[in-house]
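Each remark here refers to the structure printed beneath this line.
The values are calculated or read from the model by the stated rules, or taken from the named source; none is laboratory data. Since this is a predicted model, take the numbers as computed values, not measurements. Every residue, glycine among them, receives a Cβ derived from its backbone with ideal geometry; neighbour counts consider all protein chains shown.
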Amino acid sequence: MPKFTVAPPLPRLIYSRQQGGASIGQCDACPPTERIRMRTSAEIYQPAPILSRQALDDSNWIVLGAMPVVINRAGLDWLENSAPSRPIASDFFTGLVETGLLVPENSPFPPREIIDTLSIWLHLTDRCNLRCAYCYLPHLPTDMTLETGRAAIDAAFRSAIAHGFRALKFKYAGGEPLLCFPLILQLNEYAQALGASHGFAVDGVVLSNGTLLDEAKARSLKENNIRLTLSLDGLEDCHNTQRPYTNGRGSFKDVVRAVDIACALNLTPDISITVSGRNAAGLSDLMKWILERDLSFSINFYRENDYSTQDKSLCLEDEMIIAGMRAAFGVIAANLPARPFLPALLDRTNLSIPHLRTCGVGKNYIVFDPQGRVAACQMIIQQTVGSILSPDPLTALNTDPSTIQNLPVEVKEPCNTCQWRFWCAGGCPLEAFRASGNYDGRSPNCNIYQSLFPEALRLEGMRLLKYAGDQTALIVE
């Protein structure tokens, strides 16, 4: 009888096509982190350290080197037993290099950072029709004028040119920016025109509570290519307890109406969720609602501030937050979206690519208040450094020792030996300062992050397996 042999399985990788780029909804309220340049050519390559691995099934593991990758047993054996080698003509070898599992000899980890976008928070108004429990603003009757807004945009372009950025991202915020809707359109038009004249890509997003959105406004945003982020913290009471109107009435139904209006016009909004002690138990119900509608989202933790510090019901008690997040993760596991979600899944952490700083404060971020004064972060908008008259507002911010010091994680003593350091980057520096009195202090959310990181990675591995080979995940053998 003829003899048959079974060929051994080929080594295989599955990873996201969107390496460190657009995701299912990285929070627009905070500045983006740097990206990492992956090298794809060198004389000699060697395996990089695998910092975390989990079995997904009998054949596949989710591993974290420079980015999350699903690798099968044959691939893992090849990687673990390979010696330094020259590049070979193989899709698998190229995939290992692109995902950072193979690195040039003697190369540093993480690789050199890339920061190509300057993000600008335009605080159009301090007025708001809501009184959110965690708001950090005094709600003064102050609006930005068109003249001040244009001068702020001019100043942002001066900094972008001086620092060699290639793109600018404008966040039209408040307060409630839809109270100044004509100003949004005027400033966006001005920014787009300047971008075209200087050869810069210009992105615009409105950060809104949604209660004032109508069809006409939504249509104008769509026609002018302005994206929309809406705040929604839960279903019914879980939202209303945190985001009521000034008269105490809940805003949930009006936000849902805004979502429906935007979606009907194909202006699909990102949903920004703020998790606190008040609404953590309802997070899973909200996540089901979001995924059923195929909406982007970002999960953000409550930040203590001078106006909310007395409200202990908002505090992030570790066990309560972890339980609420795990319940939400269970919903995501049962309804896995196609788009990558790691940058948006766990507050200001980002497991999709290594980075040295949690956000762009002190590197590629400028906040302009309604008077045209400059601040490092919207959370401390009253602590200004310079103004629209500064020749280069970004340099003024980055060199001022009195404002937030956004240190790289490598110099943070509590963090620089942690296995997750290049994905957490130490958390929000302002939060660390409030908790410890030092900008290099330990994040008050550290236990939450470390408890949930492995589970977040497992979700990404499940997503990659589910969508392997389609437009969102690349499979190489």
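Residues in the range 384-397 that are over 20 Å from R150 (Cβ atoms) and either of a type in the set (D, E) or out of contact with any strand residue (DSSP E or B) (no Cβ under 6 Å at 6 or more places or on another chain) (or both): T395 only.
Summed over the range 329-346, the residues that are within 16 Å of I273 (Cβ to Cβ) and touching a residue at least 60 places away in the same chain (Cβ under 8 Å) give a count of 9.
Any residue that is crowded, with 18+ Cβ neighbours inside 10 Å, within 18 Å of the chain's Cα centre (by Cα), at pLDDT below 90 and not aromatic (F, W, Y) - is there at least one of those in the range 35-56? Yes: one or more hits. Applying the set (1) buried (at least 17 other Cβ atoms within 10 Å of the Cβ); (2) in contact with a helix residue (DSSP H, G or I) (Cβ under 9 Å, 6 or more places away or on another chain); (3) of a type outside the set (A, V, I, L, M) to F109 leaves exactly one unmet item: (1).
The residues in the range 111-156 that are within 20 Å of the chain's Cα centre (by Cα), of a type in the set (A, V, I, L, M, F, W, C) and modelled with pLDDT under 95 can be counted, and the count is 2. Taking the criterion of being closer than 12 Å to P370 by Cβ, assigned to a loop (DSSP other than H, G, I, E, B) and out of contact with any Phe, Trp or Tyr (no Cβ under 7 Å at 6 or more places or on another chain), the residues of the range 114-137 that qualify are D126, R127, L137.
With a cut-off of at least 1 residues that are touching an Asp or Glu at 6+ places or on another chain (Cβ under 9 Å), name the strands (runs of 3 or more DSSP E) lying wholly within the range 41-87.
Values: elements: 45-47, 52-55, 60-64, 68-72.
Filter on the range 41-87 gives 45-47, 60-64, 68-72.
Checked against (1) surrounded by 19 or more Cβ atoms within 10 Å (Cβ to Cβ); (2) more than 16 Å from L207 (Cα to Cα); (3) not small (G, A, S), L265 passes all but a single condition, namely (1).
Total residues in the range 268-296 satisfying the condition of being within 24 Å of N224 (Cβ to Cβ), surrounded by 19 or more Cβ atoms within 10 Å (Cβ to Cβ) and either touching a His at 6+ places or on another chain (Cβ under 9 Å) or not small (G, A, S) (or both): the figure is 4.
Restricting the search to the range 120-138, which residues are in contact with a Lys or Arg (Cβ under 8 Å, 6 or more places away or on another chain), over 10 Å from E176 (Cα atoms) and not β-branched (V, I, T)?
Within the range 120-138, the subset in contact with a Lys or Arg (Cβ under 8 Å, 6 or more places away or on another chain) is 120-122, 130, 132-134, 136.
Next cut, over 10 Å from E176 (Cα atoms) only: 120-122, 132-134, 136.
Selection gives W121, L122, C132, A133, Y134, Y136.
Of all positions in the range 346-353, at least one carries a residue that is closer than 14 Å to S16 by Cα, in the same structural domain as V275 (by TED's automatic domain parsing) and among the hydrophobic types (A, V, I, L, M, F, W, C).
Based on this model, can you work out whether L212 counts as within 18 Å of I261 (Cβ to Cβ), surrounded by fewer than 17 Cβ atoms within 10 Å (Cβ to Cβ) and assigned by TED's automatic domain parsing to the domain that holds A280?
Values: within 18 Å of I261 (Cβ to Cβ): yes; surrounded by fewer than 17 Cβ atoms within 10 Å (Cβ to Cβ): yes; assigned by TED's automatic domain parsing to the domain that holds A280: yes.
In short, yes.
Residues that are of a type in the set (D, E, K, R) and surrounded by fewer than 21 Cβ atoms within 10 Å (Cβ to Cβ) were ranked within the range 374-413; the one that is nearest to the chain's Cα centre (by Cα) is E410. Are there any helices (runs of 4 or more DSSP H) wholly within the range 387-465 with 3 or more residues that are at pLDDT 90 or above and of a type in the set (D, E, K, R), and if so which? It comes to none. Tell me whether the range 372-386 contains one or more residues that are of a type in the set (K, R), assigned by TED's automatic domain parsing to the domain that holds L118 and in contact (Cβ under 8 Å) with a residue 12 or more places away in the chain. Among the residues of the range 372-386, not one is of a type in the set (K, R), assigned by TED's automatic domain parsing to the domain that holds L118 and in contact (Cβ under 8 Å) with a residue 12 or more places away in the chain, which makes the answer no. Any residue at all in the range 92-100 that's part of a strand (DSSP E or B), modelled with pLDDT of 85 or more, touching a Pro at 6+ places or on another chain (Cβ under 7 Å) and crowded, with 18+ Cβ neighbours inside 10 Å? Scanning the range 92-100, I find no residue that is part of a strand (DSSP E or B), modelled with pLDDT of 85 or more, touching a Pro at 6+ places or on another chain (Cβ under 7 Å) and crowded, with 18+ Cβ neighbours inside 10 Å, so the answer is no. Would you be able to tell me the number of residues in the range 212-247 that are more than 24 Å from the chain's Cα centre (by Cα) and in contact (Cβ under 8 Å) with a residue 60 or more places away in the chain? Number of matching residues: 5.
With respect to (1) of a type in the set (G, A, S); (2) on the phi > 0 side of the Ramachandran plot; (3) without any contact (Cβ under 8 Å) to a residue 12 or more places away in the chain, the lone exception for G100 is condition (3).
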